[in-house]
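For reference, the structure discussed in these notes is given below.
The values are calculated or read from the model by the stated rules, or taken from the named source; none is laboratory data. In this text the structure is predicted, and so the values were computed from the model without any measurement. Because the Cβ atoms are built from the backbone with ideal geometry, glycine has one as well, and the counts that use them run over all protein chains shown. The protein model used for the area step is the full one, side chains on, heavy atoms only, and it has no ligands, DNA or RNA in it. Shrake-Rupley method; radii C 1.70, N 1.55, O 1.52, S 1.80 Å.
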Amino acid sequence: MPFVQRKAAPTQAPPPQQAPKPADIFEVEDVVDMSAQENETLSAPQFKAPEQPDLSCGAGPAPILDGLKGGAATIAPAAAAAAGPIVSTDLTMLAVGVVVMILVVVNVALVLYLALSKNSASAQKEAPPPPQPSVHYISVPQPPPVQPVYHDDEPHNPRPRRQSAPGGEEVHNERMKRSSSARSLKSMGDRAETLEEAKAFTEERNNEVRNMSPREILESLKAGNSRFWNGTPERVDMSAVERRQLIHGQVPKVAVLGCADSRVPIEIVFDQGPGDIFTLRVAGNVHGSHVAGSLDYAVHHLNIKLVVVLGHEGCGAVKAAQLAEADIKGEQPYLRDMLLGMKKDLKANSKDLDSIADPRARDREAVIANTRAQVHKILEDKAMRAKVKAGELLVVGGFYEISSGVVDLFEVVNPELLK
């Protein structure tokens, strides 16, 4: 029998003696339990930061670090889940609060506006009437109305004439005697209402103009200008039937060569009406070939007995003609030629312009010198000179003062031109 050696049963070693655990040493399980408690605390509505563990231990750092890592991994998701709903809820509440505040402000403003509107309307309704002036006006008795004067030769048309101041018929007749034409008679109150009356007025007026001498026509122009600057014009608007009579022809009293300046309305300045003045207007009232042709027609075909060359105060063309030639040559061709011709005329008819210190006096002298030059050009025509010598035509110059409305008419006599 073989010898079998029996193995001895292993003896169990006694368990090692565990050292007593200090009170301030945490095990890993304790750390995990603490992390679970902290997670429950974080999941609550109110978030509290976990208390920092006391790391001052004597068992070594490894168990403590492992526990902190596990706790952090558990705390982070819970904190994020708790913070999200809190932030979203705060923004919603803030937006609702802003909207409510805006609505409150709008309602308050609307209430204030309605209250102010109501107060304003009530104040307007209850406003007292304006105070009456304390001035007492004295009533002046009105004079009795003037009875209209009827003419025996017009029983079929008893139209009243315009009455003058006291004096009645005598004053009226005297004014008719001083009137220069039937146009003045019409302006004192008569107006043609039918074609027959308009025709009678026109024939009467034309015959009177044909029978007037050049001097009488000149005096009638002076009288018309006096009425103008005195503010008592007699020119009135024509009726429709009177305007129709003008289509049959014209018998003007005077031809006026005036400036194109808009401040010089020739018919108004002389208190004349349609058909009284044959008007020629050009800048600087300059005589030229076209003006000469128009004057020939007026004198030789319309039998005009008076020609007036009318300059005026503050004429821009005359002022421009006194500039240096270099400045004038820079203008447009037609304007340049006109100004150079006027400059030549000024030198020939007034050599003392530069010696006049007063600007207004120098302006007047320059305008008169230019007017005199244009009159001389008209009288250079042989046919015009012949009529002047025969006493059938009168050519004069004039200066219209815009500031006063007065026209100074003067004759330009040059014996050399009338030989």
Every residue in the stretch 257-308 that is charged (D, E, K, R), open to solvent by 40 Å² or more (accessible area, probe 1.4 Å) and within 20 Å of LEU393 (Cβ to Cβ), please. ASP296, LYS305
Anything in the stretch 225-250 that is under 22 Å from GLY397 (Cα atoms) and open to solvent by less than 40 Å² (accessible area, probe 1.4 Å)? List them, or say none. ASN225
Close pairs from the stretch 92-117: first without any contact (Cβ under 8 Å) to a residue 12 or more places away in the chain, partner of a type in the set (Ser, Thr, Tyr), Cβ under 9 Å, at least 6 apart: none
When you scan the stretch 344-352, do you find a residue that is open to solvent by 70 Å² or more (accessible area, probe 1.4 Å), hydroxyl-bearing (Ser, Thr, Tyr) and either part of a helix (DSSP H, G or I) or in contact (Cβ under 8 Å) with a residue 12 or more places away in the chain (or both), even just one? no
Given (1) at pLDDT below 95; (2) assigned to a helix (DSSP H, G or I); (3) surrounded by fewer than 16 Cβ atoms within 10 Å (Cβ to Cβ), where does GLU331 come up short, assuming only one miss? (2)
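Could you tell me which residue of the stretch 194-207 is farthest from LEU409 (Cα to Cα), considering only residues that are hydrophobic (A, V, I, L, M, F, W, C) and surrounded by fewer than 21 Cβ atoms within 10 Å (Cβ to Cβ)? Give the derivation first.
In the first step, residues of the stretch 194-207 are kept if they are hydrophobic (A, V, I, L, M, F, W, C); the result is 195, 198, 200-201.
Imposing the further condition that a residue be surrounded by fewer than 21 Cβ atoms within 10 Å (Cβ to Cβ) reduces the set to 195, 200.
On the way: LEU195: 38, ALA200: 33 Å.
Within the stretch 194-207, the match that is farthest from LEU409 (Cα to Cα) is LEU195.
With the structure loaded, tell me whether ARG364 is open to solvent by 60 Å² or more (accessible area, probe 1.4 Å) and assigned to a helix (DSSP H, G or I) or whether it fails that test. Lay out the reasoning, then the answer.
Details: open to solvent by 60 Å² or more (accessible area, probe 1.4 Å): yes; assigned to a helix (DSSP H, G or I): yes.
Considered against the rule, which asks whether it is open to solvent by 60 Å² or more (accessible area, probe 1.4 Å) and assigned to a helix (DSSP H, G or I), ARG364 comes out as yes.
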Return a yes/no flag: does the stretch 208-223 have any residue that is surrounded by 13 or more Cβ atoms within 10 Å (Cβ to Cβ), modelled with pLDDT under 80 and touching a Ser or Thr at 6+ places or on another chain (Cβ under 9 Å). no
